[in-house]
1. Strictly over 30 Å apart at the Cα level, which of K6/K26; K58/K97; K26/K58; K6/K58; K6/K92 would you flag in this model?
2. Multiply the residue separation of Y59 and S84 by 0.36 nm, subtract the distance between their alpha-carbon atoms, and state the gained length in nm to one decimal.
3. Within the chain, which DSSP H helices have Cα atoms that stretch 24 Å or more along the helix axis and a mean Kyte-Doolittle hydropathy of at least -0.5?
4. Kindly state, to the nearest 0.05, the FRET efficiency for K26 paired with K6, given R0 = 35 Å and r defined as their beta-carbon distance.
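Read-outs throughout are calculated quantities, based only on the coordinates presented, and are distinct from any laboratory measurement. Just so we're clear, the structure is a prediction, and the values are computed from it rather than from any experiment. Glycine also receives a Cβ, built like all others from the backbone with ideal geometry; neighbour counts cover every protein chain displayed.
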Amino acid sequence: MNSEDKVLARIDIKHTFNQSIIKYGKEPQCRQLMEECAELIQAVNKMPRYEDRPAEPKYYANLIEEIADVEIMLYQLKVMFNISDDEVFAFKVEKAKREQERLKKL
């Protein structure tokens, strides 16, 4: 997919999921996010907990799918509650700073 197609796809994706909010409403979409988070937890739990064995392809594919589902629902959550990417990024920066301090102490 070329870069122009990717831009158009992103626009179409955003439009589609904005329509989902209108069609289903805030409360059902919030509940859907909770369900998708639970499914991501299950997918992560199935991944091997040790480095000497790669994940089975079906578990790896499922993990990617569940990450996509959660990212879609997080996008909708930000739209529903008027949360900007910059606001989220600011919290990420602060959390990264705290983590850097913790890592220095190890």
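1. Pairs exceeding the cut-off: K58/K97; K26/K58.
2. 5.8 nm
3. Working: long enough: 3-24 (31 Å, -0.45); 26-45 (29 Å, -0.56); 57-80 (35 Å, 0.27); 85-104 (28 Å, -1.39).
Helices meeting the span and hydropathy rule in the chain are 3-24, 57-80.
4. 0.75
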